[in-house]
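*Asks:* Below you'll find the structure I mean.
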Amino acid sequence: GENVEQHPSTLSVQEGDSAVIKCTYSDSASNYFPWYKQELGKRPQLIIDIRSNVGEKKDQRIAVTLNKTAKHFSLHITETQPEDSAVYFCAASMGGTASKLTFGTGTRLQVTL
Amino acid sequence: GAVVSQHPSWVICKSGTSVKIECRSLDFQATTMFWYRQFPKQSLMLMATSNEGSKATYEQGVEKDKFLINHASLTLSTLTVTSAHPEDSSFYICSTRTGGGNTIYFGEGSWLTVV
């Protein structure tokens, strides 16, 4: 089955700096890659996603890049703010309503003042 | 938009008892729902895939007789933790997709504490 690795496990940046989180996946059939932000005790919130027919996607301060050949994708957050502090998870799926998500191990992002 | 509702939000039960968690799709019919478990400071691990009108598909290492899943209608899936033990204490969360879409919708999650 699919295996998703995520690095780093913790990341501390100063407010205004950029943060980058990287994930690799194992199954070349995966074609949908969402990123989630999870605050303590709450459900994961989708922040951005990318499909395998796209190499990059941007939404304001957040961007995701995908390298299908290398089977890795990354989350980029620019101009970080304290409210960006949370745990971020990448995930991979083969798409379709019956396809499950395989999550990465998570990255705890701390944005300091 | 599509909403997935999960109840209860938190529950405390005694060892040896059973607890049922419900997951409802409010705006759409969900033929497939996914149940995840998340231990503190860990990732979400898929437990099983719930299929409406048929048996659930369990991930390797998940005891199907302990974690009973029922998906009797297109809007409701339930997870029953039977003979609960303290090590079953965790955050349980359901999710589903709308038909034809890739976007996953999560329930609010249920905190289970077994004492």
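*Asks:* Provide, for chain B, the number of lysine pairs with alpha carbons under 22 Å apart, each pair being eight or more places apart or on different chains.
*Replies:* Lysine pair count for chain B: 7.
*Asks:* Summarise the long-distance tail of P(r) for region B:1-71 by giving the % of C-alpha pairs beyond 22 Å.
*Replies:* Of all Cα-Cα distances in region B:1-71, 27 percent exceed 22 Å.
*Asks:* Using the heavy atoms of the protein chains alone and a 1.4 angstrom probe, what is the accessible area of chain A per residue in square angstrom?
*Replies:* Per residue, chain A has 50 Å² of solvent-accessible surface.
*Asks:* Then there is this: How much accessible area per residue does region B:5-115 have, in Å², with a 1.4 Å probe?
*Replies:* 48 Å²
*Asks:* Relative contact order, percent, of chain A when contacts are C-alpha pairs under 8 Å separated by at least 6 residues?
*Replies:* Value for chain A: 37 percent.
*Asks:* Does any residue of region B:43-60 lose at least 20 Å² of accessible area with all protein chains in place compared with its chain alone, and if so which ones (probe 1.4 Å)?
*Replies:* B:43, B:44, B:46, B:59
*Asks:* For B:35-41, what's the mean count of beta carbons from other chains sitting within 10 Å of each residue's beta carbon?
*Replies:* Average per residue, whole number: 2.
*Asks:* Work out the mean other chain Cβ neighbour count within 10 Å for the residues of A:34-42 and drop it here as an integer.
*Replies:* For peptide A:34-42, the averaged partner shielding equals 3.
*Asks:* Using only alpha carbons, build the gyration tensor for the protein assembly as shown and give me the equivalent ellipsoid semi-axes, biggest first, whole Å.
*Replies:* Largest first, the protein assembly as shown gives 30, 21, 15 Å.
*Asks:* Among B:95, B:18, B:77, determine the one that fluctuates most according to a GNM of chain B built with springs between C-alpha atoms less than 10 Å apart.
*Replies:* Among B:95, B:18, B:77, the largest GNM mean-square fluctuation belongs to B:18.
*Asks:* May I ask for the accessible area buried between chains B and A, both sides summed, probe 1.4 Å, to the nearest 100 Å²?
*Replies:* Result for this pair: about 1800 Å² buried.
*Asks:* Which parts of region A:43-62, residue by residue, lose 20 Å² or more of accessible area when the rest of the protein chains are there, as against the chain isolated (1.4 Å probe)?
*Replies:* For region A:43-62, once contacts with the other chains are taken into account, A:43, A:44, A:46, A:51 lose 20 Å² or more.
*Asks:* Sticking with this one: Scan region B:1-50 for trypsin sites (Lys or Arg not before Pro) in coil per DSSP, keeping those whose Cβ has at most 11 other Cβ atoms within 10 Å, and list them by number.
*Replies:* Qualifying residues, ordered by number: B:14, B:41.
*Asks:* Anything losing 50 Å² or more of accessible area from the isolated chain to the full protein assembly: pick those residues out of region A:79-113, probe 1.4 Å, ligands and DNA/RNA ignored.
*Replies:* A:97, A:100, A:101, A:103
*Asks:* Using the Kirkwood radius over Cα pairs, work out the Stokes-Einstein diffusion coefficient for chain A at 25 °C and 0.890 mPa s, in µm²/s as a whole number.
*Replies:* Answer from the Stokes-Einstein relation: 175 µm²/s.
*Asks:* So if we plug the beta-carbon distance of residue B:41 and residue B:85 into 1/(1 + (r/R0)^6) with R0 = 25 Å, what FRET efficiency do we get, rounded to 0.05?
*Replies:* 0.80
*Asks:* Please check: in the Gaussian network model of chain A (C-alpha springs, under 10 Å), which one of A:60, A:81, A:38 has the largest mean-square fluctuation.
*Replies:* Maximum among the listed residues: A:60.
*Asks:* As an exercise, identify the GluC sites (Glu not before Pro) in region A:24-113 lying in DSSP coil whose Cβ has no more than 12 other Cβ atoms within 10 Å.
*Replies:* Here the sparse-neighbourhood loop sites are A:39, A:79.
*Asks:* What's the carbon and sulfur percent of the protein assembly as shown's accessible surface, probe 1.4 angstrom, rounded to a whole number?
*Replies:* The nonpolar share, carbon plus sulfur, comes to 49 percent.
*Asks:* Using θ = phi - 60° and the Karplus curve 6.51 cos²θ - 1.76 cosθ + 1.60, what whole-Hz ³J(HN,Hα) does each residue of region A:102-110 get, with Gly and Pro shown as x?
*Replies:* 10, 8, x, 7, x, 10, 8, 9, 10
*Asks:* Sort by residue number and name the cysteines in the protein assembly as shown that have no neighbouring cysteine Cβ under 4.7 Å.
*Replies:* B:13
The values are calculated or read from the model by the stated rules, or taken from the named source; none is laboratory data. None of the values given here were measured: they were computed from a predicted structure. Glycine gets a Cβ as well: all are built from the backbone with ideal geometry, and neighbour counts include every protein chain shown. What goes into the accessible areas is simple: the full protein's heavy atoms, side chains included, and nothing from ligands, DNA or RNA. Shrake-Rupley method; radii C 1.70, N 1.55, O 1.52, S 1.80 Å.
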